[in-house]
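K.L.:
Structure in structure tokens, see below.
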Ligand code: SF4
Ligand code: SF4
């Protein structure tokens with residue numbers, strides 16, 4: 001089960017209390033500098049993404065999204081998907097445990113909005129295709145928009161049905177759309193999609209992949225032309241589509257995609273997917289990084305994606321969905337829009353502070369001439385080091401050098417079917433996960449795990465609890481390299 | 001002449017209901033079923049039965 005502390009701890013009414021809840025004790029934060037701020041974006045784009053945890057790496061520290069599954073019908077078959085499969089312990093796109101009617105979904109969104117002031121985004125993202133099962137998608141969005149005009153709407157689609165609904169999407173003020181595009185080459189597509197259903201006919205093989213690609217490009221062009229932000233998702237499938245990924249990245253960027261999210265294939269025979277059964281493996285962390293590095297100057301790469309479940313609720317990387325299943329929803333929900341407004345105010349100030357803080361720390365490292373260093377961080381949101389090592393289900397990996405701090409990726413520390421693992425095994429798993437990362441920053445760690453980590457060559461530091469992430473990393477890097485200079 | 005749905009295989013995605021040109025597919029008592037009085041096997045309307053063409057699970061929309 002996902003850790004739910006980060007949201008629970010923030011359920012307080014006033015701005016000041018929120019500030020206290022996040023700041024806690026610990027060493028004083030001086031400064032920090034995230035690169036993913038408004039500086040590298042035009043104001044209109046920043047206004048669209050600044051509260052969207054899936055589009056802005058910075059926003060995901062502050063805001064929560066929820067997905068509802070109302071659109072189970074799909075118009076294509078993918079070899080990495082098996083829509084019969086459903087497991088509450090599993091976390092991957094297209095998997096959901098509860099199907100809702102549009103009315104039920106709207107009630108659920110209202111209940112979550114009343115509980116979670118961080119909520120800023122509602123997405124419809126399968127299982128099934130939100131653009132193909134359009135009537136249900138639209139009915140849900142219409143209901144939510146009437147009741148919660150401040151929540152942003154987004155949807156994702158394989159693109160096949162998308163061109164038919166672009167005008168409605170614009171009319172409904174949906175300003176974020178995700179298109180899953182895995183390849184530009186129909187021969188490769190034929191290995192990923194066994195069939196599509198289009199205009200009353202099932203198509204197979206290269207013919208199917210050609211139609212799909214055509215519609216995807218049409219959808220991308222139409223959405224971009226109307227000012228909708230488009231994120232392109234691609235599933236990296238080793239040996240199948242990795243060779244074309246750089247070109248795909250170049251083309252979608254040139255066409256105006258705002259983000260490109262290259263996600264690893266999740267494949268396991270137990271999922272019963274075609275790839276799971278044929279033994280097609282997913283990429284290693286190193287393979288994924290290599291492809292992402294190749295695409296470095298293409299569309300902004302989204303490295304913080306958690307591949308959340310289609311009915312996920314919460315900040316990125318956590319899922320409170322189990323708390324809001326249909327049977328637990330109150331009949332009548334009192335929504336308090338004020339709380340969300342107060343929270344957004346507070347975030348605006350906190351972000352300013354975090355940015356200013358980073359600039360100062362940045363000055364310290366600008367003179368360091370040392371190789372880059374990787375640092376893992378345990379956080380439950382707010383842009384701070386505020387999670388106990390033992391509670392971390394994932395680590396944020398940053399790279400630091402004289403040019404500053406960059407978010408690289410997150411690495412999960414648990415299996416997605418949690419349970420059945422002793423603590424010792426979990427630690428070994430963490431050590432494997434953190435391969436190549438010499439330092440971990442967390443809020444606290446016990447002595448025994450600290451020693452085991454040290455024995456594996458990974459230093460765990462808990463003296464900068466509650467600090468801003470970037471500031472702490474910059475300070476660490478600066479002091480490390482001073483120390484190295486002294487001992488040299 | 002009609003099609004039927006093998007409930008044991010059905011994922012209840014509803015795609016067949018969506019595509020049937022004759023509104024023969026209904027969601028009844030927790031399952032999708034085809035009304036044999038309305039189903040024409042799509043004769044004269046499409047080359048192949050729409051429910052079977054869109055269904056994600058093989059051998060689930062079959063001749064009754
Ligand atoms: S065969 Fe055609 S008419 Fe009959 S249920 Fe299927 S889609 Fe409807
Ligand atoms: S398309 Fe197939 S799986 Fe979906 S509801 Fe119809 S019969 Fe069931």
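Every number here is computed from the coordinates shown, using simple stated rules; none is lab data. The structure presented is a predicted model; accordingly, all values stated were derived computationally and were not measured. Here Cβ is always computed from backbone atoms with ideal geometry, including for glycine, and neighbour counts include all displayed protein chains.
K.L.:
For a Förster distance of 45 Å, can you work out the FRET efficiency between the beta-carbons of residue A:461 and residue A:246, rounded to the nearest 0.05?
P.N.:
Computed FRET efficiency for residue A:461 and residue A:246: 0.75.
K.L.:
Testing the spin-label approximation: label points 7 Å from Cα along Cα→Cβ at residue A:391 and residue A:204. State their distance in nm.
P.N.:
Once both label points are built, they end up 5.4 nm from each other.
K.L.:
Which value in nm describes the separation of the simple spin-label points at residue B:29 and residue A:341, placed 7 Å from the Cα toward the beta carbon?
P.N.:
The two pseudo-label positions are separated by 5.2 nm.
K.L.:
Other chains' Cβ within 10 Å of A:117-125 residues: what's the mean?
P.N.:
0
K.L.:
Arrange A:380, B:4 by Cβ neighbour counts within 10 Å, fewest through most, would you?
P.N.:
Going from sparsest to densest Cβ surroundings: B:4, A:380.
K.L.:
If R₀ is 25 angstrom, what is the calculated FRET efficiency for the pair residue A:432 and residue A:281, using the beta carbon separation as r and rounding to 0.05?
P.N.:
Efficiency for this residue pair is about 0.95.
K.L.:
Using 0.36 nm per residue of separation minus the Cα-Cα distance, give me the extension gain between residue A:214 and residue A:348 in nm, one decimal.
P.N.:
Here the segment from residue A:214 to residue A:348 would lengthen by 44.1 nm.
K.L.:
May I pose another question? Pick from B:42, B:16, B:51 the residue whose mean-square fluctuation is largest in a GNM of chain B, springs joining Cα atoms under 10 Å.
P.N.:
Of B:42, B:16, B:51, the most mobile in the Gaussian network model is B:42.
K.L.:
What is the mean number of Cβ atoms from other protein chains located within 10 Å of the Cβ atom of each residue in peptide A:204-212, rounded to a whole number?
P.N.:
If you average over the peptide's residues, the count of other-chain Cβ atoms is 0.
K.L.:
Still on this structure, I have one more. Do you know the relative contact order of the stretch B:3-63, to the nearest whole percent, from alpha carbon pairs under 8 angstrom that are 6+ apart?
P.N.:
Relative contact order here is 44 percent.
K.L.:
Provide A:391, A:203 in ascending order of the number of other Cβ atoms located within 10 Å of each residue's Cβ, fewest first.
P.N.:
In order of increasing Cβ crowding within 10 Å: A:391, A:203.
K.L.:
So for B:34, A:240, fewest C-beta neighbours within 10 Å to most, what's the order?
P.N.:
Ascending Cβ contact count within 10 Å gives the list A:240, B:34.
K.L.:
To continue, here is another question. Can you tell me the FRET efficiency between residue A:103 and residue B:6 if r is taken as the Cβ-Cβ distance and R0 is 25 Å, rounded to the nearest 0.05?
P.N.:
0.25
K.L.:
Using just the C-alpha positions of the stretch B:3-63 as equal point scatterers, what log10 of I(q)/I(0) does the Debye formula give at each q in 0.24, 0.28 1/Å?
P.N.:
Log-scaled intensity ratios, in q order: -0.94, -1.32.
K.L.:
Counting only helical runs of four or more DSSP H residues, what would the 222 nm mean residue ellipticity of chain B come to if each run contributes -39,500 (n - 2.57) and the total is spread over all its residues?
P.N.:
Estimated from H runs of four or more residues: -3000 deg cm²/dmol.
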